[in-house]
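Some notes on the structure that comes next.
The values are calculated or read from the model by the stated rules, or taken from the named source; none is laboratory data. These numbers were taken from a predicted model, which means no experiment stands behind them. Here Cβ is always computed from backbone atoms with ideal geometry, including for glycine, and neighbour counts include all displayed protein chains. Surface accessibility is based on the protein's heavy atoms, side chains included, excluding ligands, DNA and RNA. Shrake-Rupley method; radii C 1.70, N 1.55, O 1.52, S 1.80 Å.
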Amino acid sequence: MNIRKATVDDILGMQNCNLHNLPENYPFKYYLYHIASWPQASYVATTMTSSGEERVVGYSLSKMEDDGNRAANPNDKSDIPHGHVTSISVMRSYRRLGLAEKLMRQSLRALAEIYGAKYVSLHVRESNVAALHLYRDSLQFEVTELVNSYYADGENAYAMKKDLSVFI
Ligand code: ACO
């Protein structure tokens, strides 16, 4: 297994992984937007197939939040540069091997060290035990809010946040 930065050539593999593992899917151009705008922030886990081809078995897709709301209110905390984990998934037969934690750590480090993020945010389904364990217990994210009916099917989301100023 190899973990490396995601490139434009990985997008179809990432999209395939996303379609297999999550109900929240994105068009090709949304992956392209992430990789073109923040080329160090997204990662893939790959394996070699028996025919010698590299296959994406996991990814983390991350970005910096736009600061378009730099607004009127000087106390508005949204002014602080921060990142967002848009999506992460690992193919079922490659889970519980530590891949998601490694992918997340690579993305978080890049957001902090390369893009200057002071903190990172994400949303996760209230029922997603595996992802909650990963964020809360393995990576020490904190829940900031329970967002009612965040997802298209009506499920609530936890909004989570991790301070990156002390990230190792
Ligand atoms: N139940 C409880 N704990 C779990 C589970 C589970 N099913 N799966 C993993 N964990 C724990 C691991 O034990 C580990 O904890 P530890 O550090 O205490 O040992 C920790 O979570 C990280 O485990 P990894 O092996 O790194 O995680 P994995 O590679 O299996 O991937 C993931 C976790 C990404 C959540 C995977 O289950 C998956 O792809 N799920 C479907 C897609 C998904 O839900 N993505 C997240 C959506 S939210 C978002 O994208 C922002």
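Let me have the 222 nm mean residue ellipticity of the chain computed from DSSP H runs of 4+ only, each contributing -39500 (n - 2.57), with the sum over all residues rounded to the nearest 500.
The per-residue figure over the chain is -7000 deg cm²/dmol.
Once amide H atoms are built 1.01 Å from N in the peptide plane, which residues 5 or more positions from GLU65, or in another chain, come under 5 Å H to H?
Answer set, sorted by chain and number: HIS82, GLY83, HIS84.
Using label points projected 7 Å from each Cα along Cα→Cβ, tell me how many nm separate ASP79 and ARG136, to one decimal.
Each label point lies 7 Å from its Cα, and together they span 3.3 nm.
Under a point spin-label approximation (7 Å from Cα along Cα-to-Cβ), what is the ARG55-THR7 distance to one decimal in nm?
Here the modelled spin labels are 2.1 nm apart.
What residues qualify as long-range amide H neighbours of GLY58, i.e. H under 5 Å apart, gap of 5 or more or another chain, H built at 1.01 Å from N?
Those qualifying (amide H under 5 Å, at least 5 residues apart or on another chain) are ALA45, MET91.
Would you mind counting up the charge near ASN156? Only other residues with Cβ under 15 Å from its Cβ, with Lys and Arg at +1 and Asp and Glu at -1.
Spelling it out: positives minus negatives among the neighbours equals -4.
Residues of region 27-151: accessible area per residue at 1.4 Å, in Å²?
So region 27-151 comes to 54 Å² accessible per residue, rounded to a whole number.
Can you tell me, using C-alpha contacts under 8 Å and at least 6 residues apart, the relative contact order of the chain as a whole percent?
After rounding, I find 18 percent.
Please express the shape of region 3-56 as an equivalent ellipsoid: the semi-axes are the square roots of 5 times the eigenvalues of the C-alpha gyration tensor, given largest first in whole angstrom.
Here the semi-axes work out to 19, 15, 9 Å.
Using 0.36 nm per residue of separation minus the Cα-Cα distance, give me the extension gain between VAL129 and GLU65 in nm, one decimal.
20.4 nm
Relative to a virtual label point 7 Å from the Cα of GLU101 in the Cα→beta-carbon direction, which members of region 114-130 show backbone nitrogen distances below 17 Å?
Those under the cut-off are 129-130.
Sorted by packing (mean other beta-carbon atoms within 10 Å per residue), highest first, where do 105-112, 7-14 land?
105-112, 7-14
Grab the Cα-Cα distance for SER93 and GLU155, subtract it from 0.36 nm times how many residues apart they are, and report the gain in nm with one decimal.
Net length gain for the segment: 19.7 nm.
With θ set to phi - 60° and the Karplus curve 6.51 cos²θ - 1.76 cosθ + 1.60, what are the ³J(HN,Hα) couplings of region 105-117 in order, to the nearest whole Hz, using x for Gly and Pro?
For region 105-117, the Karplus-derived couplings read 4, 5, 5, 5, 4, 5, 4, 6, 7, 9, 9, x, 5 Hz, x marking Gly and Pro.
Can you tell me the 0 to 90 degree angle between the C-alpha axis of helix 28-37 and the longest principal axis of the chain, rounded to 10?
70 degrees
How much of the accessible area of the chain, probe 1.4 Å, is carbon plus sulfur, in whole percent?
50 percent
Under 10 Å, Cα contacts only: if you run a Gaussian network model on the chain, which one of VAL143, VAL56, VAL120 comes out with the highest mean-square fluctuation?
Ranking VAL143, VAL56, VAL120 by mean-square fluctuation puts VAL143 first.
Using each residue's phi in region 133-146, evaluate 6.51 cos²θ - 1.76 cosθ + 1.60 at θ = phi - 60° and report the 3J(HN,Hα) Karplus result to the nearest Hz, with x for Gly and Pro.
Using θ = phi - 60°, the values come out as 4, 4, 6, 6, 8, 7, 10, 6, 6, 10, 6, 9, 6, 9 Hz.
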